[in-house]
Amino acid sequence: MKSSRAESGAGQGAQAGQVVLLGCGFVADLYMRSLAAMPSITVAGVWDQDADRLRAFCDFWGLPARASLADLLDRAPGALVLNLTNPHAHFDTSRACLQAGRHVYSEKPLAMTLKQAKELHALAGEKGLMLASAPCSALGEAAQTLGHALRTGIAGTPRAIYAELDDGFIPQAAYRKWLSDSGAPWPYEDEFRTGCTMEHAGYYLTWLISWFGPVRTVVAASAETIPDKEGTGPFAPDLSVAMLFFDKGPVTRLTCSITAPHDHRIRIVGDKGVLSCAAAWDNAAKVTFARRLTLRRRLMEHPFPRTLRLPQPTHPKVKRWGAAAMNFMLGPAEVLEALHQGRPCRMSNDFALHLTEVTLAIQNAGETAGAQSMTTTCTAMEPMPWAR
């Protein structure tokens, strides 16, 4: 397939609300659950190199299977490609789609190395294409509520942030019983090889970068604390702790693990009190503010924090499935809308690249990396219209 042919229609299908799914493993079912809440977006085709998985997925959801990647792109000129392949395949598959002149929305991570991510970013820029990366929960109601609270100074000047993405002692979980709607098993070997930092850090990094803009310096450490995981290694670190220094934001500590007890809190400590959210994977999670007070000489946060809410409606919600209640299609919908309106995308190419660099710096820090200066940058994200 010649790229000139694809480029000529690069935005047409996307502007019409069409997507194609590249890969139909475990995460693809979560996208399909979210699509049920987004009737303006249609799936124009699906392809996976595993023929049995492709058949099971398309039969379950009633979607058209394609014979190859070239067939997938040819049969839906201009449709936005949702790259839902395994992480180690993201670079090759996204590059092939970009070379064919197609806009790409990639599941996290954008690539497994910074060199690869920069190559994809340069290729997208050269061809005038959008290259966005999950996760998209920064567009969700909880993140946008916290962003609004920061902009309006409810807690005063933010001084420090503690963010936790600990998932429990996952190697002892019943993960072999975790099946998606269409029957795909949770890819435990791939998850352990990719690592919880690459898989999960973005859920709070995107929130933070959307509010404060680029990270200037990462000071992190990472380690493998559980060496005998099931499957074929080598396995990635399963615990990381990072201090993030922003150009225009408070110092943040971010922890990721599949070792420590489940904790998905984020706490923003300001001059007047503390903003909190306890569930990173719930778009509609409660956001609270506890003002600081002195009671009988004791300094404390108010024991009955105030719940903060944005005017409704905000965005389509999805029901909880497993540990998450997230609309995975908020990101693709933002890309499609930006193409249709001819405006900059909130989930920009620069945002995707910077998110990848910061994540890789944390994941690969090890014991001796020390302070790492970031080489990429991006701008803070424009708030959603309903959160201004």
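Read-outs throughout are calculated quantities, based only on the coordinates presented, and are distinct from any laboratory measurement. Just so we're clear, the structure is a prediction, and the values are computed from it rather than from any experiment. FYI the Cβ positions are ideal-geometry reconstructions off the backbone, even for glycines, and counts take in every protein chain you see.
Gaussian network model of the chain, Cα springs within a sub-10 Å range: biggest mean-square fluctuation belongs to which of MET198, MET326, MET32?
Fluctuation is largest for MET32.
Where both residues lie in the chain, what percent of DSSP beta bridges are antiparallel, nearest 5?
Of the beta bridges lying entirely in the chain, close to 65 percent run antiparallel.
If we count other beta carbons within 10 Å of each Cβ, what is the order of TYR105, TYR203, fewest first?
Final ranking by Cβ density, sparse to dense: TYR203, TYR105.
Once both axes come from the Cα atoms, what is the angle between helix 202-212 and the longest principal axis of the chain, in degrees from 0 to 90, rounded to 10?
For helix 202-212, the angle is close to 70 degrees.
To the nearest 10 degrees, how steep is helix 114-127 against the longest Cα principal axis of the chain, on a 0 to 90 scale?
Once rounded, one gets 60 degrees.
Neighbour counts of other C-beta atoms within 10 Å: give me CYS277, CYS24 arranged from fewest to most.
Sorted ascending by nearby Cβ count, the order is CYS277, CYS24.
Let me have the 222 nm mean residue ellipticity of the chain computed from DSSP H runs of 4+ only, each contributing -39500 (n - 2.57), with the sum over all residues rounded to the nearest 500.
-9000 deg cm²/dmol
Tell me the net charge near TRP47. Cut-off is 9 Å between Cβ atoms, TRP47 excluded, with +1 for each Lys or Arg and -1 for each Asp or Glu.
-1
Ranked highest first by the average count of other Cβ atoms within 10 Å around their residues, in what order do 120-131, 79-90 fall?
79-90, 120-131
Tell me whether the stretch 88-212 comes out rounded, prolate or oblate; compute the Cα gyration tensor, take square roots of the eigenvalues as a ≥ b ≥ c, and use a/c under 1.5 as the rounded threshold.
oblate
What number comes out for the charge environment of GLU191, summing +1 per Lys or Arg and -1 per Asp or Glu over other residues with Cβ under 11 Å away?
In short, -4.
For the ranges 109-118, 241-250, what's the packing order if you count other beta-carbon atoms within 10 Å of each residue, average per peptide, and put the highest first?
109-118, 241-250
What order do you get for TRP207, TRP178 when you list them from fewest to most C-beta neighbours inside 10 Å?
TRP178, TRP207
Taking amide H positions as placed 1.01 Å from N in the peptide plane, with prolines and chain starts having none, which residues 5 or more places from ASP282, or on another chain, fall under 5 Å of its amide H?
Close amide H contacts, sequence-distant or interchain: ALA325.
Mind pulling the angle between the C-alpha long axis of helix 26-35 and the longest principal axis of the chain? Nearest 10 degrees, somewhere in 0 to 90.
Helix 26-35 sits roughly 90 degrees off the main axis of the chain.
Specify whether the C-alpha gyration tensor of the stretch 254-388 places it in the rounded, prolate or oblate class, a ≥ b ≥ c being the square roots of the eigenvalues: rounded for a/c under 1.5, otherwise prolate if a/b is larger than b/c and oblate if not.
oblate
Cβ neighbours within 10 Å, averaged per peptide: list 262-273, 348-359, 134-145 in order, most packed at the top.
The densest-packed peptide leads the list: 134-145, 348-359, 262-273.
Would you mind pulling out the separation of the Cα centroids of the stretch 322-353 and the stretch 117-167, in Å?
About 11 Å separates the Cα centre of the stretch 322-353 from the one of the stretch 117-167.
Taking the Cα centre of the stretch 3-133 as origin, work out the dipole magnitude from +1 charges on Lys and Arg Cβ and -1 charges on Asp and Glu Cβ, in debye rounded to 20.
240 debye
Take the Cα gyration tensor of the stretch 3-133, multiply each eigenvalue by 5, square-root it, and list the three semi-axes largest first, rounded to whole angstrom.
22, 17, 13
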